[in-house]
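Just below is one structure, and these are the notes that go with it.
The values are calculated or read from the model by the stated rules, or taken from the named source; none is laboratory data. Everything numeric here is computed off the predicted structure, so don't read it as measured data. Note that each Cβ is placed from the backbone with ideal geometry, even for glycine, and that neighbours are counted across all protein chains shown. Keep in mind that these areas ignore ligands, DNA and RNA; they rest on the heavy atoms of the full protein, side chains included. Shrake-Rupley method; radii C 1.70, N 1.55, O 1.52, S 1.80 Å.
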Amino acid sequence: MKNIITICWTIFFVVWLLAAIFTKRTVYHESGARRLRYLIPVVIGWYLLFRGHRLPPPFNVHIIPQTNAIVIVSSILCVCGLGFCLWARAVLGRNWSGTVTLKENHELIVRGPYRLVRHPIYTGLLAMLIATAIAQGHIAGVIGVVLVFASFWIKLSYEEELMANQFPDQYPAYRERVKRIIPFLL
């Protein structure tokens, strides 16, 4: 079952790389200094999640037991997270970017998973990250998820600022109606 999580991450990266080819032309992008504010914690978080088991104690200490039930639940969560990411990416289409940007003829997408949360790709990724941390069970993975969440929060705040400026009539109402990252909660 642990192979399912590896397969999910492989599918995610292959789809993201291929889909990045077909995005619209960028008309605005953030500065490199601003990008570093969320890039540094995400890189450290990913390292802790995927390589933290190789670090010395206390990082490599297992805090989640490796039972069949845990592995099954984490695999299901990872598949669901991947599905949510892929659905969001398909609906977002050519407006997608890995950084905070505005695309040519940028659209405010409010359909599909964007009816449930304003940042469904992050929601799906967080589900995949949590599933991975649960399956691995070590402290470093849990710390890694927290760092990645903080990174996403910083980045989505920048994205929302940009969307509010680009869509001053539509975005405030959308923000009132739909939660940021966890449906109906946050």
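General remarks:
- Positions within region 79-98 being over 12 Å from the mean Cα position of the chain (by Cα) and either open to solvent by less than 20 Å² (accessible area, probe 1.4 Å) or not small (Gly, Ala, Ser) (or both), in sequence order: 79, 80, 87, 91, 92, 94, 95, 96
- Residue within region 11-26 that is over 15 Å from the mean Cα position of the chain (by Cα), open to solvent by less than 90 Å² (accessible area, probe 1.4 Å) and free of Cβ contacts under 8 Å to residues at least 60 places away in the same chain present: yes
- Flag if residue 143 is within 17 Å of the chain's Cα centre (by Cα), at negative phi, crowded, with 17+ Cβ neighbours inside 10 Å and not in a helix (DSSP H, G or I): no
- So residue 110, is it closer than 25 Å to residue 173 by Cα, in contact with a helix residue (DSSP H, G or I) (Cβ under 8 Å, 6 or more places away or on another chain) and open to solvent by 50 Å² or more (accessible area, probe 1.4 Å): yes
- Residue 115 vs. criteria modelled with pLDDT under 95 and more than 30 Å from residue 57 (Cβ to Cβ): no
- Of the residues making up region 1-17, those that are part of a helix (DSSP H, G or I), farther than 22 Å from residue 100 by Cβ and aliphatic (A, V, I, L, M) are 4, 5, 7, 11, 14.
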